[in-house]
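Every read-out reported here was derived from the displayed coordinates using simple, explicitly stated rules and does not represent laboratory data. Predicted model, so just to flag it, every value in this text is computed and none were measured. Using ideal geometry, Cβ is built from the backbone for each residue, glycine included, and neighbour counts are taken over all protein chains shown.
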Amino acid sequence: MKSIGHWIGGKAVEGTSGRRGPVFNPATGAQAAQVDLASVGEVDAAVAAAQAAYASWGRSSLVKRTSVLFRYRELLVAHRDEIAALITAEHGKVHSDALGEVARGLEIVEVACGIPQLLKGELSTEVSTRIDVASIRRPVGVVAGITPFNFPAMVPMWMFPLAIACGNTFVLKPSEKDPSTAMRLAELLAEAGLPDGVFNVVNGDKTAVDRLLDHPDVKAVSFVGSTPIARYVHSRGIEHGKRVQALGGAKNHMLVLPDADLDAAADAAVSAAFGSAGERCMAISALVAVGGIADELVAKIRERAEKITIGPGDDPASEMGPLITREHRDKVAGYVGGAREQGAEVVLDGTGFTVKGMEDGHWLGLTLLDRVTPAMDAYRDEIFGPVLCVVRADSYEEGVELINSSAWGNGTAIFTRDGGAARRFELEVEVGMVGVNVPIPVPVGFHSFGGWKDSLFGDHHIYGAEGVRFYTRGKVVTTRWPDPADAGVNLGFPTSS
Ligand code: NAD
């Protein structure tokens, strides 16, 4: 059986803790690999490698850093199919979706290639006689990234390209459910010429995460995952004096106004709710139908959803793959019966779905719940599966109030032909990323990604300009080159002249 260790100091190393976790092929349900789960000592070794590398990488020239990133970009392009296949094998998402994830990660590498422009400081000349003031940004040191299972390539690439471009060194703790992709990303960084120790991967579980949060040499932590763990990582990290950005879970609403193009809205709802089997933090999981459009819209969604082909991710005919684990599939399926008991109308029931010849795969069919209310568990919880809840609202105001009452505030979208309503929504909705006739408004790499409320703990969104600020510290340098004619002692407080 394939065994996955760690990547420390520029090479793959076997785990020594004696603890291992299973990695499954979600389409067959069979165990495909085992991953070593790091001990405290192994995390310490990775941090020590990163700390040692920081001594020179932190002082390296911008040209040196960008030349590695440009080569890395070329390698990612050349290997994108292979990386997508690795994602599909352990995560289960279909190949085209996995390719899309690689492309969105690549976007951040491309932004990082432009770091000389992003790191330009500010200079004020002659603020006082012969005195100049410069504001510059310096790296923070060793940075840790802790990532979820649902984007094994993209989410790590939200973090490390900018972190290392800014001169930091990095320790990544990927999800133990699909760890192979991170290891391949590490190999390609080495091939691109990244010095040993600048990028390290420790595979593991809570033991590894806790050690990274407590380690005095880790100066900053980027986390992406579920809300309870994001909250925990944030509070434990800041308790240990680190800067932390911790992105959490979501319940993303799509508000459909009566004037919307209902065919376009139905297409968008099916794509955004069921893409990647709903295992996206930006998936639409609640659709709010305003006015009298709900019956027609639900019928259109149903018609489209029934045509989706579910199957293994490496079959080009498949549009939706399996869920990550059997336990997760069973948990998601549990919401369907629960919603029925609580009064929802189950329009499409995906429980019991299976793929012939792959009956042990983690399958769940597309599920559509209508007449869902905010009191139901299916509405209140982040389900993270192919389940779309339709809530009916009488007015725009009622819809917005519903969205703003949610504990989460990651993404949302409005579907309308009314520019005035869309603009009002843009300003009134309490959510970090807003789409106008765009169901999954994941910002491009030169903007920043982040939710509000329980979808993000910390002050900085991830990647883009906020990513650069997160991975650097400000320093202000006041310079005076005195004229020898001005020599002399002056104990007065320095003021401008
Ligand atoms: P998760 O919170 O279970 O795991 C995320 C990471 O935390 C993993 O590396 C895991 O090993 C670690 N972890 C898990 N339990 C821990 C514990 N008790 N103590 C310390 N570390 C622990 O999340 P997941 O199931 O891998 O991913 C799905 C979740 O991630 C969903 O809630 C989804 O919305 C969220 N997510 C959010 C975003 C975003 O940008 N906001 C993006 C992707 C995923």
> Which residues does a label at Asp330 reach in segment 135-175, if reach means a backbone N under 15 Å from a point 7 Å past the Cα toward the Cβ?
Replying inline: none
> Separation between the Ala55 and Ser135 pseudo-spin-labels, each 7 Å from Cα along Cα→Cβ, expressed in nm?
Replying inline: 3.4 nm
> What whole-number value in cubic angstrom gives the convex hull volume per residue for the C-alpha atoms of the chain?
Replying inline: 167 Å³
> Which of the lysines could a cross-linker bridge to Lys219, judged by Cα under 25 Å and excluding same-chain residues fewer than eight apart?
Replying inline: Lys11, Lys64, Lys120, Lys173, Lys206, Lys242, Lys453, Lys475
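Would you order Glu466, Glu90, Glu401 from fewest to most other beta-carbon atoms within 10 Å of each residue's own beta-carbon? If you can, show how the numbers build up before the last one.
Values: Glu466 18, Glu90 24, Glu401 12.
Ordered by Cβ neighbours within 10 Å, fewest first: Glu401, Glu466, Glu90.
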>> Using the Cα centre of the chain as origin and beta-carbon charges of +1 (Lys, Arg) and -1 (Asp, Glu), tell me which of Met282, Ala55, Thr16 is placed farthest towards the positive end of the dipole.
In response: Ala55
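Using alpha-carbon pairs under 8 Å, 6+ residues apart, how would you state the relative contact order of segment 416-496 in percent? Before the final figure, lay out the partial values.
On the way: 51 pairs, mean separation 13.9, N = 81.
Relative contact order for segment 416-496 comes out at 17 percent.
Place a +1 charge on the Cβ of each Lys and Arg in the chain and a -1 charge on the Cβ of each Asp and Glu, then give the dipole magnitude about the Cα centre in debye, rounded to the nearest 20. Present the calculation step by step, with values, prior to reporting the outcome.
Working: 48 positive and 61 negative charges, 341 e Å.
In total the dipole reaches around 1640 debye.
Counting only DSSP beta bridges with both residues in the chain, what percent are antiparallel, rounded to the nearest 5?
Working: 30 of 73 bridges.
Bridges in the chain that DSSP calls antiparallel: roughly 40 percent.
Rounded, prolate or oblate: which fits segment 252-436 when a ≥ b ≥ c are the square roots of the eigenvalues of the alpha-carbon gyration tensor, with rounded for a/c under 1.5 and prolate only if a/b beats b/c? Don't skip to the end; give the middle numbers.
Working: a/c = 1.85, a/b = 1.66, b/c = 1.11.
Prolate.
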>> Using 0.36 nm times the number of residues separating Ala103 and Asp81, minus their current alpha carbon distance, what extension gain do you get?
In response: 6.9 nm
> Hey, which aspartates and glutamates would be in cross-link range of Lys307, C-alpha to C-alpha under 20 Å, not counting anything within fewer than 8 residues on its own chain?
Replying inline: Asp97, Asp263, Asp267, Glu279, Asp295, Glu296, Asp315, Glu319, Asp349, Asp370
> When the helix-only estimate is applied to the chain (DSSP H runs of n ≥ 4, each -39,500 (n - 2.57), divided by the residue count), what is the mean residue ellipticity at 222 nm, nearest 500 deg cm²/dmol?
Replying inline: -11500 deg cm²/dmol
> How far, in degrees from 0 to 90, does helix 294-305 lean away from the longest principal axis of the Cα atoms of the chain, to the nearest 10?
Replying inline: 80 degrees
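At a Förster distance of 60 Å, what's the computed FRET efficiency of Asp486 paired with Glu359, Cβ-Cβ distance as r, to 0.05? Don't jump to the answer; show the numbers that get you there.
Working: r = 86 Å, r/R0 = 1.44.
So, using R0 = 60 Å, E works out to roughly 0.10.
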> Can you work out ³J(HN,Hα) from phi for every residue in segment 240-254, in order, using Karplus 6.51 cos²θ - 1.76 cosθ + 1.60 and θ = phi - 60°, giving whole Hz and x for Gly and Pro?
Replying inline: 9, x, 9, 7, 9, 10, 10, 8, x, x, 7, 9, 8, 9, 10
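Normalised by the residues of the chain, what does the relative contact order come to in percent, with Cα pairs under 8 Å and at least six apart? Show your work: numbers first, answer last.
Details: 1180 pairs, mean separation 91.8, N = 497.
Relative contact order, the chain: 18 percent.
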>> Multiplying the sequence separation of Asp418 and Val434 by 0.36 nm and subtracting their Cα-Cα distance, what value in nm do you get?
In response: 4.2 nm
> Once the piece of chain linking Arg231 and Leu123 is laid out straight, how much longer is it, given 0.36 nm per residue of separation minus the C-alpha distance between them?
Replying inline: 35.1 nm
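First measure r as the distance between the Cβ atoms of Ala264 and Glu191, then evaluate 1/(1 + (r/R0)^6) with R0 = 56 Å and state the FRET efficiency to the nearest 0.05. Kindly include the intermediate steps, with their values, before the conclusion.
Values: r = 44 Å, r/R0 = 0.78.
For Ala264 and Glu191, the calculated efficiency is 0.80.
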> Between segment 430-497 and segment 239-276, what's the alpha-carbon centroid distance in Å?
Replying inline: 28 Å
> To the nearest 10 degrees, how steep is helix 262-274 against the longest Cα principal axis of the chain, on a 0 to 90 scale?
Replying inline: 70 degrees
> Local charge sum around Arg130 (other residues, Cβ-Cβ under 11 Å, Lys/Arg +1, Asp/Glu -1)?
Replying inline: -3
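Where in segment 390-497 are there chymotrypsin sites (Phe, Trp or Tyr not before Pro) that are in a DSSP coil and have at most 16 other Cβ atoms within 10 angstrom of their Cβ?
Numbers: sites: Tyr396, Trp408, Phe415, Phe425, Phe446, Phe449, Trp452, Phe457, Tyr463, Phe470, Tyr471; in loops: Phe446, Tyr463, Tyr471.
Sparse-neighbourhood loop chymotrypsin sites (Phe, Trp or Tyr not before Pro): Phe446.
Mind checking the dipole of segment 252-436: about its Cα centre, +1 per Lys or Arg Cβ, -1 per Asp or Glu Cβ, Debye to the nearest 20?
Values: 16 positive and 31 negative charges, 37 e Å.
Computed about the Cα centre, the dipole is about 180 debye.
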